[in-house]
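Below is one structure; the comments refer to it alone.
The values are calculated or read from the model by the stated rules, or taken from the named source; none is laboratory data. Please read these numbers as outputs of a predicted model, since none were measured by experiment. Heads up, the Cβs are rebuilt from the backbone with ideal geometry, glycines too, and the neighbour counts pull from every protein chain shown. For accessibility, only protein heavy atoms count, side chains too; no ligands or nucleic acids. Shrake-Rupley method; radii C 1.70, N 1.55, O 1.52, S 1.80 Å.
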Amino acid sequence: MDAFTAGLLQRIRATESDLSRARDEGDDFLVEVEQAELDDLRRLAAEHGVEVGAHRV
């Protein structure tokens, strides 16, 4: 796995964690921000052929 892929997957995992935390805390604004970030990261991954689900632990 190259550095781009590893970094992208790390950012996706961190954003998923932040999104989960925002949901748990009931912070609707932060949920929207984190969801938008996650959507952008997943789009970027798709554009570069990075399979997000295949690399999850």
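Give just the number: which of (1) closer than 17 Å to GLY53 by Cβ; (2) at pLDDT below 95 does ASP2 not satisfy?
Unmet for ASP2, out of (1) closer than 17 Å to GLY53 by Cβ; (2) at pLDDT below 95: (1).
Among the residues of segment 1-11, which ones are exposed (fewer than 14 other Cβ atoms within 10 Å of the Cβ) and either under 13 Å from the mean Cα position of the chain (by Cα) or touching a residue at least 40 places away in the same chain (Cβ under 8 Å) (or both)?
Within segment 1-11, MET1, PHE4, ALA6, GLY7, GLN10 meet the criteria.
Quick check on this structure: which one of ALA22, ALA45, ALA14, ALA54 is part of a helix (DSSP H, G or I), open to solvent by less than 90 Å² (accessible area, probe 1.4 Å) and modelled with pLDDT under 95?
ALA54
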